[in-house]
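S.K.: So that we are looking at the same thing, I have put the structure below in structure tokens.
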Amino acid sequence: MSAYIDKIKEISNRLLKESKVDMVIGFRKGTVPMMNEPCFAKTPQDVDNFVWDSNCGINLANYLTNREEKIGIIAKGCDSRNIVTHIIENKIKRDRLVIIGVPCKAMIDRHKIETMFETEIQDVIEADDKIIVKGDGFEKTLNKSDVLQENCAICIHRNPVKHDEVVGDPVEEQKDVDRYEDVRKIEAMPPEEKWRYFDDLISACIRCYACRNACPLCYCHTCFVDESRPQWVGKSQDPIDTRTFHFLRAYHCSGRCTDCGACERACPMGIKVRRFTKKLEKDCLDLFGWEAGMTLEERPPLDTYRSDDPDEFIK
Amino acid sequence: MKFIKIDKESWAKGLERLDDSFRLFGPVKQDKFHNFKELDKGELPDLSLLNTRLSPKSVVYPQSEVMFEYTLDENKEDHHILKEIDKDYSPRAVIGIRPCDAKAFLVVKPNFDAPEYKDPYWIKSYEATTFVGYACDTPCSTCFCTPAGCGPFHEEGLDLLLVDTNDHYLIKVITEKGENFLSAAGWGAEVDADAASDQIETMRHTAEAKITSRVSTDELKDKNITDLFEASFWEEAAFACINCGTCTYACPTCWCFDIQDETYGYYGIRMRNWDSCMYPLFTLHGSGHNPRDTKIQRVRQRFMHKLKYYVDKYENGIQCVGCGRCIRLCPVNIDIRRVCELMNSYGG
Ligand code: SF4
Ligand code: SF4
Ligand code: SF4
Ligand code: SF4
């Protein structure tokens, strides 16, 4: 990973120096373990602050929405797919972007690691495929592969799908991954059990909307939960409203979600928000052979109409 | 000053006795982390935690609170009339609240209980509550209570301070409310005040020494409001923020709410729900104009309110007790300690 950061800095400095971009969007070191902060660099000094490690799970495509500057952006596999989606949905222009691709080595799950320890984690260090966790009076070495973000563990597009620059050789993509084991389990439940499952899943939700706001797809100027005329959803802690929020948001993301995991990473209550979006993602694959953000040439299945659609009901 | 010793066996027994006269709230591990909740009969508060995920402000000021009910049925005589809802203001106690979270109630008090405005719900709940603090001997690295004008053994806002000496609890009686709570529990082994006080002092020093976050707030008061408002650092400081509001929901000193009516057929309620200055809707006018339409404006508002407007208006320090929740929970690592330093040192 350290080779990546040298390359990231070199490319960023060059782009800024040659005025190819006004800013580069990347990460700087966080103030707490397992956190980095998205930031921009406009000068070589800013570039010096850039870092790259397994704590760069935030989806940076989220920071591009409606921006007009010329921007260099550091992009993992999933970010690059959301950048593609952004371009298709007119949220950013391709010619305003220089995509700096990072062949991704997967991100670690800070929620999971936190819950593995009874006391506070004070420092987390990475060494190759090991994660060393330190606290007051303890030190433990974990295998990185055991503590990946759940979406990263099953990711099959770690290499950026579109890039103008790249910081390293492609990584080997994972093969024979069963991406939908959890979804199939839920699909197999009888309806009452499904209700219970989802109610349990979101019982701790405080409706802060961090999951929505961390998601690059959720750029609506006024989200349906915030609409007041008409008011679609109540604003209290009523479980019906919380449920409505989660189900509807998932539908709004269908055919667009890249399973980047930003929502789950952001949730302060550790809720597995992807259990909702993944079902729709699976359906899009099963029904339309579609994976979001892989190409600029085709529109997502739910925002196109074809007169030769095989289904009668839509004609 | 009075001090009581409780051995750990009589702790549970006392709590059981209290069940008759108090609604007890305490930290409980739910799934993966701790939160404050009303304790079931016989359920013990789990004091072995660092701190709860969310603050205990909801014990006095719930996230959603119904205030009135009404009927829209015109066949009823009292249709379209808001009627206050009966609520339980019987004595309650929060066991194991941290000193920072207890002080936070005093930080928000000037807002809910001002000479010219009184918030009846907050005041009645607050007055019904006895605060039994738990002195922190293992602060987190994100705690900065001491520089925020509070501390791991701080007593402001507490009725009793519970100190865990490993083989027993020492309780320092701070107020009359605390005294009443003790007698209801039937704990009464008074100990020598000087010895207990010395022991607690020593523990306090050790705990305070563990708080290593240094945040300076001394210059905030003297800064010019407009200079800070227009400071150049806001663009950089606000960039990562996704305006999720997690920081404000988790914060013990954030007090904003929104009022909503909800109807089910003819029946309706008027309730208030926590709101957040991080949300675009927060300041949206009926005209469609939004004076805080951009992220930078909203982030600036949160920090200016906590670290400048509050300081100037109430002369009561900053609107933050240094619990560190916003730092631990922010999904993109916006750190109030960093922003506070930027503000405090701005313009030399
Ligand atoms: S989802 Fe894939 S590309 Fe995205 S961070 Fe995880 S491993 Fe990397
Ligand atoms: S981030 Fe978590 S707590 Fe917040 S709305 Fe989403 S699921 Fe609920
Ligand atoms: S500062 Fe962090 S927690 Fe607060 S609104 Fe912004 S992103 Fe959310
Ligand atoms: S601003 Fe942050 S540190 Fe201060 S009281 Fe609120 S949550 Fe705690």
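The values are calculated or read from the model by the stated rules, or taken from the named source; none is laboratory data. Because the structure is a prediction, the values reported are computed rather than measured. Don't worry about glycine lacking a Cβ; one is built from the backbone with ideal geometry, like all the others, and counts go over all protein chains shown. These area figures cover heavy atoms from the full protein model, side chains too; ligands, DNA and RNA do not enter into them. Shrake-Rupley method; radii C 1.70, N 1.55, O 1.52, S 1.80 Å.
S.K.: Residue under question is A:Cys56, and the condition is that it be touching a residue at least 24 places away in the same chain (Cβ under 8 Å) and closer than 28 Å to B:Phe144 by Cβ; does it hold?
M.R.: Against the criterion (touching a residue at least 24 places away in the same chain (Cβ under 8 Å) and closer than 28 Å to B:Phe144 by Cβ), A:Cys56 qualifies.
S.K.: For segment B:324-347, which residues satisfy the criterion of being open to solvent by less than 10 Å² (accessible area, probe 1.4 Å) and within 21 Å of B:Thr246 (Cα to Cα)?
M.R.: B:Gly324, B:Arg325, B:Ile327, B:Pro331, B:Val332, B:Asn333, B:Asp335, B:Ile336, B:Val339, B:Cys340
S.K.: Something else: Tell me, please, whether a residue that is within 12 Å of ligand 1 (Cβ to nearest atom), open to solvent by 60 Å² or more (accessible area, probe 1.4 Å), under 25 Å from A:Gly30 (Cβ atoms) and away from every other protein chain (no Cβ under 14 Å) can be found in segment A:117-134.
M.R.: no
S.K.: Pull up segment B:211-267, narrow it to residues that are under 14 Å from B:Val339 (Cβ atoms) and without any contact (Cβ under 8 Å) to a residue 24 or more places away in the chain, then point me to the one that is most open to solvent (accessible area, probe 1.4 Å).
M.R.: The residue in question is B:Ser232.
S.K.: Also: Answer yes or no: is there a residue in segment B:301-314 that is within 14 Å of ligand 3 (Cβ to nearest atom) and of a type in the set (Ser, Thr, Tyr).
M.R.: no
S.K.: Scanning segment A:250-294 for residues that are open to solvent by 40 Å² or more (accessible area, probe 1.4 Å) and among the aliphatic types (A, V, I, L, M), which turns out nearest to ligand 2 (Cβ to nearest atom)?
M.R.: Going through the qualifying residues, I end up with A:Leu285.
S.K.: Here's something else I'd like to know. Report, by residue number, each residue of segment B:271-301 that is more than 15 Å from ligand 4 (Cβ to nearest atom), closer than 29 Å to B:Ile85 by Cα and away from chain A (no Cβ under 11 Å).
M.R.: B:Thr283 - this is the single residue of segment B:271-301 that is more than 15 Å from ligand 4 (Cβ to nearest atom), closer than 29 Å to B:Ile85 by Cα and away from chain A (no Cβ under 11 Å).
S.K.: Looking at A:Ile125, A:Ile113, which is the one that is outside any strand (DSSP E or B) and either under 27 Å from B:Pro139 (Cβ atoms) or assigned by TED's automatic domain parsing to the domain that holds A:Val273 (or both)?
M.R.: Result of the check over A:Ile125, A:Ile113: A:Ile113.
S.K.: So which residues in segment A:14-61 are within 16 Å of ligand 1 (Cβ to nearest atom), within 13 Å of chain B (Cβ to nearest Cβ) and open to solvent by 30 Å² or more (accessible area, probe 1.4 Å), if there are any at all?
M.R.: Passing the criteria: only A:Val51.
S.K.: Any residue at all in segment B:233-250 that is at the interface with chain A (Cβ under 9 Å from one of its Cβ atoms), more than 20 Å from B:Ile327 (Cβ to Cβ) and not charged (D, E, K, R)?
M.R.: Scanning segment B:233-250 turns up no residue that is at the interface with chain A (Cβ under 9 Å from one of its Cβ atoms), more than 20 Å from B:Ile327 (Cβ to Cβ) and not charged (D, E, K, R).
S.K.: Find all pairs meeting these conditions: Cβ atoms under 7 angstrom apart; at least six residues apart or on different chains; first residue within segment B:311-331 and at positive phi and in contact (Cβ under 8 Å) with a residue 40 or more places away in the chain; second residue part of a loop (DSSP other than H, G, I, E, B) and among the aromatic types (Phe, Trp, Tyr).
M.R.: Within 7 Å, the pairs are B:Gly322/B:Phe144; B:Gly324/B:Phe144.
S.K.: Same structure, new question: Tally up the residues in segment A:135-156 that are more than 10 Å from ligand 1 (Cβ to nearest atom), away from every other protein chain (no Cβ under 14 Å) and either outside any helix (DSSP H, G or I) or open to solvent by less than 30 Å² (accessible area, probe 1.4 Å) (or both), please.
M.R.: 7
S.K.: Could you please find all residues in segment B:14-47 being modelled with pLDDT under 90 and either closer than 27 Å to B:Glu190 by Cβ or not assigned by TED's automatic domain parsing to the domain that holds B:Ile97 (or both)?
M.R.: Answer for segment B:14-47, where residues must be modelled with pLDDT under 90 and either closer than 27 Å to B:Glu190 by Cβ or not assigned by TED's automatic domain parsing to the domain that holds B:Ile97 (or both): B:Asp19, B:Asp20, B:Leu47.
S.K.: Only one of these is open to solvent by less than 20 Å² (accessible area, probe 1.4 Å) and free of Cβ contacts under 8 Å to residues at least 24 places away in the same chain: B:Ala114, B:Ala128, B:Ala102. Name it.
M.R.: Criteria check complete, one pass: B:Ala114.
S.K.: Check segment B:336-344 and report whether any residue there is not charged (D, E, K, R) and not in a helix (DSSP H, G or I).
M.R.: No: segment B:336-344 contains no residue that is not charged (D, E, K, R) and not in a helix (DSSP H, G or I).
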